[in-house]
1. Need one word for segment 1-154: rounded, prolate or oblate. Basis is the Cα gyration tensor (sqrt eigenvalues a ≥ b ≥ c); a/c below 1.5 gives rounded, then a/b vs b/c decides.
2. What is the spread of the Cα atoms of segment 163-242 along each of their three principal axes, largest first, in whole Å?
3. Order of 139-145, 247-253 by packing, highest average Cβ count within 10 Å first?
4. For segment 176-272, what does the accessible surface come to per residue with a 1.4 Å probe? Please give it in Å².
5. Mean residue ellipticity at 222 nm from the helices of the chain, using -39,500 (n - 2.57) per DSSP H segment of n ≥ 4 over the full residue count, to the nearest 500 deg cm²/dmol?
6. Taking the Cβ of Gly254 as the centre, find all other residues whose Cβ is under 10 Å away and add up their charges (Lys, Arg: +1; Asp, Glu: -1).
7. Of the options Asn61, Val188, Val218, report the single residue whose Cα projects farthest towards the positive end of the charge dipole of the chain (beta-carbon charges: Lys, Arg +1; Asp, Glu -1).
8. Taking the alpha carbon gyration tensor of segment 126-272, what are the square roots of 5 times its eigenvalues, largest first, to the nearest whole Å?
Amino acid sequence: MPLITVNGVRLNYYDNAPARQGRSAPPVLLVMGSGGSGRAWHLHQVPALVAAGFRVVSFDNRGIAPSDECPEGFGIDDLVADTAALIGELGLGPCPVVGVSMGAHIAQELALTRPELVGRLVLMATRARSDVLRTALSRAEIDLYDQGVTLPAAYEAVIQAMQNLSPRTLDDDVLARDWLDVLELTRVSGPGHRAQLGVSAMPDRRPAYRGIRAPSRVIAFQDDLIAPPRLGREVAEAIPGADFEVVPDCGHYGYLEAPDAVNKSIVEFLRG
């Protein structure tokens, strides 16, 4: 887990490659969503992509320790600049970029501002705008943090589970218990996460995304409450030539709930 200084901040990154090819394998960059560590990709996506012959780089976005938390705040432009600088420093570009949630937002903006760095795009649990409900959720979460309210860990885990998981998972007592335990142990809070929450309140970027030229696949998750499929479809309709897929029976954490289907889609698309 080396730290690298790019764009004026330290980023913690992870670099995995097939044993035979090492770093000569074709690279792919994975970009995590709000509040998440790049290690989350290591449960399912990194092993699948390495097995498929890719060198896989993931990282902790600014705001998530051990990367710099940047308590003074930051915006989407900073996160995009971090990602571009990381690609440049590690000599990855042009490379495929896979993003989920806020990470997909970063990838979309990167494809617009630095198209020479991006090969193919896989955009999961994404959207091109904030509707009324998602804007209200973002503001409410920021207000909760700014008022200094600390929720009991067990209660916060339940709320996260209901927001991010599918009924299929929540109705399975064994799976639900496992997820609640994980969410209680891994909750994230702090000024860096607070700044990431502010990034989720995005204006309507559909007109801008018509300028994306990278071959793109948008993957939505059927039961996603944070980025419902209808908003993901808007992204696919805006990006010229993008295709669109809905993975059934999973929520916002679909890449963890339905990893086999998600990994198959990613690998097939990256192989062209």
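1. Cα axes put segment 1-154 in the prolate bin.
2. Taking the Cα atoms of segment 163-242, the three principal extents are 44, 33, 18 Å.
3. In descending order of packing, they fall as 247-253, 139-145.
4. 46 Å²
5. Helix contribution divided over all residues of the chain: -12500 deg cm²/dmol.
6. So the environment of Gly254 carries a net charge of -4.
7. Projecting each Cα onto the dipole axis, the largest value belongs to Val218.
8. Equivalent ellipsoid of segment 126-272: 28, 22, 12 Å, largest first.
The values are calculated or read from the model by the stated rules, or taken from the named source; none is laboratory data. Values in this document were obtained by computation on a predicted structure and should not be read as measured data. Cβ coordinates were reconstructed from backbone atoms using ideal geometry, including for glycine residues, and neighbour counts include every protein chain displayed. The protein model used for the area step is the full one, side chains on, heavy atoms only, and it has no ligands, DNA or RNA in it. Shrake-Rupley method; radii C 1.70, N 1.55, O 1.52, S 1.80 Å.
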